[in-house]
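A short write-up of the structure that comes next.
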Amino acid sequence: MTGDAARPALELRGVRAAYGSIEVLHGVDLVVPPASVVALLGPNGVGKTTTLKVACGLVTPTAGCVHVAGRHVNGAGAHRLARAGVRTVPEGRGVFPNLTVAENLALASADRRHAATVHEQAYARFPRLGERARQSAGSLSGGEQQMLALARALATDPALLLVDELSMGLAPLLVEELYEQVATIAREGVSILVVEQFAHTVLGVAHHAALMMNGRVQFSGPSAEIAGALDAAYLGTTGTGARP
């Protein structure tokens, strides 16, 4: 492979980041290979969401390097990175609750002609969204809102998808269904970084995983290797359900 396709979709090297005088990331190293799912694991408060914010341009690192498809993007800003193909599914679902499902998808579209394709693809991927196209997004179940958030993020054909706590508050079957779609999206060529506190389901679809503690990546490698190294009780991998 040559060109951008051969380069990591995302690479963080020695990244430090702070909120005011409080440093949260203390030298993060992380790589997301092309067309793969990488799970960023760890308990609350260790810097996972801040890492995502650095990757999408919402937080500027105080040190280190951020590369997207081989390009140095420190300080590029969220809008510029979005134009470069970086999309985020934020914690708590990224939808407009007072708009219908169809209107949410239309807002994610470039124009009316493109909107027809976006709706078609979204409803093919998530048939339940098609059944609820005229329903307000705020009246959807949590799982359906996550489906809509994913569909909106995919509307502009992203190269890199950043997903924050996809399983939050959802029943196990819905979580499994959503992660099956995450695996499918990666097979279609999109690189995906997923932040999760609870590791069980995401490790079933992730190619690589990284364990974050105290603002640093403590271990990274193939998912099969990290699964055996995780403290099941600490990271919640003993059960197949949603969060306790």
Quick check on the stretch 16-34. Is at least one of its residues part of a loop (DSSP other than H, G, I, E, B), at pLDDT below 95 and surrounded by fewer than 22 Cβ atoms within 10 Å (Cβ to Cβ)? no
For the stretch 178-233, which positions are more than 28 Å from ALA84 (Cα to Cα) and part of a strand (DSSP E or B)? MET213, GLN218, PHE219
With the requirement that a residue be part of a loop (DSSP other than H, G, I, E, B) and under 20 Å from VAL182 (Cα atoms), what does the stretch 70-91 give you? GLY85, PRO90, GLU91
Kindly indicate the residue of the stretch 92-111 that is in a helix (DSSP H, G or I) and touching a helix residue (DSSP H, G or I) at 6+ places or on another chain (Cβ under 7 Å) and also farthest from SER139 (Cα to Cα) among those meeting that condition. ALA106
Any residue that is more than 17 Å from THR51 (Cβ to Cβ) and modelled with pLDDT of 95 or more - is there at least one of those in the stretch 189-198? yes
Top-ranked residue of the stretch 141-158 - restricted to ones that are surrounded by fewer than 22 Cβ atoms within 10 Å (Cβ to Cβ) and not in a helix (DSSP H, G or I), ranked as nearest to the chain's Cα centre (by Cα): PRO158
With the condition kept exactly as written, say whether any residue in the stretch 112-130 is outside any helix (DSSP H, G or I) and surrounded by 21 or more Cβ atoms within 10 Å (Cβ to Cβ). yes
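Kindly indicate which of ALA63, ALA39 is crowded, with 22+ Cβ neighbours inside 10 Å and at pLDDT 95 or above.
ALA39
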It is to be established whether one or more residues within the stretch 133-148 are over 23 Å from LEU52 (Cα atoms) and touching a Pro at 6+ places or on another chain (Cβ under 6 Å). yes
Being among the charged types (D, E, K, R) and over 28 Å from GLN146 (Cα atoms) is true for just one of ARG13, ARG80. Which residue is that? ARG13
From the list ARG93, ARG87, which residue is within 15 Å of LEU193 (Cβ to Cβ), within 17 Å of the chain's Cα centre (by Cα) and of a type in the set (Lys, Arg)? ARG87
List pairs: first in the stretch 119-144 and under 17 Å from LEU166 (Cβ atoms) and modelled with pLDDT of 95 or more, second part of a helix (DSSP H, G or I) and among the aromatic types (Phe, Trp, Tyr), Cβ under 9 Å, 6+ apart or cross-chain? LEU129/TYR123
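The values are calculated or read from the model by the stated rules, or taken from the named source; none is laboratory data. Please read all numbers here as calculations on a predicted model, not as lab measurements. Every residue, glycine as well, gets a Cβ built from its backbone with ideal geometry; the counts of neighbours run over all protein chains shown.
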